[in-house]
Amino acid sequence: MASATIKATIGSSTASLLVIYPHANEISNTELKAELLVIKDWFIAFNTDKPDVKGKVPSSSKSYPASVMLTTSDLHVSNTSPNERVHITGRLSTAAAWALDPKENNCCVHIYAKNNKLSDGYESWLLKNKDKSKLGSTSIVEKVEAALEGYRGTLGEGDLA
């Protein structure tokens, strides 16, 4: 379990995205950095309201602008949509939704890498759904806490440089 921060310039401001991996058992800093680089480019697209592959805009969701992402799985083929290409799955929260008790996510996104390889960088994204979920179960709360305790730092700095 791990977590890290991405900082990006969006417009004339610096925005931060806290990325939390509550289900990752082992992830090296090299693997984490590769994934965070793809997520960073998606984060800029999302928080500048760029449409997804089907033309849906981020501002149509209650997770805009995104401040926190629970990354439920790294680059993978989905069990629920096996014909969809490999992607990173993220559940998104605004700062306000993350500050609630219990914390809330208000949409799910799939992030695609070029050529289905993290090393090739970001390509596009899909707003999978706008379902609200609360992080109320003891199990997920404990996993999120453990991932936050495994904080690796900020992309571009220290071990993630």
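The values are calculated or read from the model by the stated rules, or taken from the named source; none is laboratory data. Because the structure is a prediction, the values reported are computed rather than measured. Cβ coordinates were reconstructed from backbone atoms using ideal geometry, including for glycine residues, and neighbour counts include every protein chain displayed. When the accessible area is computed, the model is the full protein with side chains, heavy atoms only, and any ligands, DNA or RNA have been set aside. Shrake-Rupley method; radii C 1.70, N 1.55, O 1.52, S 1.80 Å.
Here is how the numbers come out for the structure above:
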read-out: Search result, residues across the range 32-50 that are in contact with a Leu (Cβ under 9 Å, 6 or more places away or on another chain) and touching a residue at least 40 places away in the same chain (Cβ under 8 Å); value: Leu32, Lys33, Ala34, Glu35, Leu36, Leu37, Val38, Ile39, Lys40, Phe46
read-out: Tally, over the range 74-83, of residues that are farther than 13 Å from Val109 by Cα and in contact (Cβ under 8 Å) with a residue 24 or more places away in the chain; value: 0
read-out: Qualifying residue in the range 34-46 (condition: basic (Lys, Arg) and either surrounded by 20 or more Cβ atoms within 10 Å (Cβ to Cβ) or touching a Lys or Arg at 6+ places or on another chain (Cβ under 7 Å) (or both)); value: no
read-out: Hits in the range 1-34 (condition: assigned to a helix (DSSP H, G or I) and in contact with a Phe, Trp or Tyr (Cβ under 9 Å, 6 or more places away or on another chain)); value: Leu32
read-out: Selection within the range 1-33 - of a type in the set (A, V, I, L, M), open to solvent by 10 Å² or more (accessible area, probe 1.4 Å) and either over 11 Å from the mean Cα position of the chain (by Cα) or farther than 14 Å from Leu148 by Cα (or both); value: Met1, Ile10, Ala15, Ala24, Ile27
read-out: Within the range 50-161, strands (runs of 3 or more DSSP E) holding 3 or more residues that are buried (at least 18 other Cβ atoms within 10 Å of the Cβ) and under 13 Å from the mean Cα position of the chain (by Cα); value: 68-76, 87-93, 107-113, 122-129
read-out: From the options Thr89, Thr71, residue that is out of contact with any helix residue (DSSP H, G or I) (no Cβ under 8 Å at 6 or more places or on another chain) and either in contact (Cβ under 8 Å) with a residue 60 or more places away in the chain or of a type outside the set (A, V, I, L, M) (or both); value: Thr89
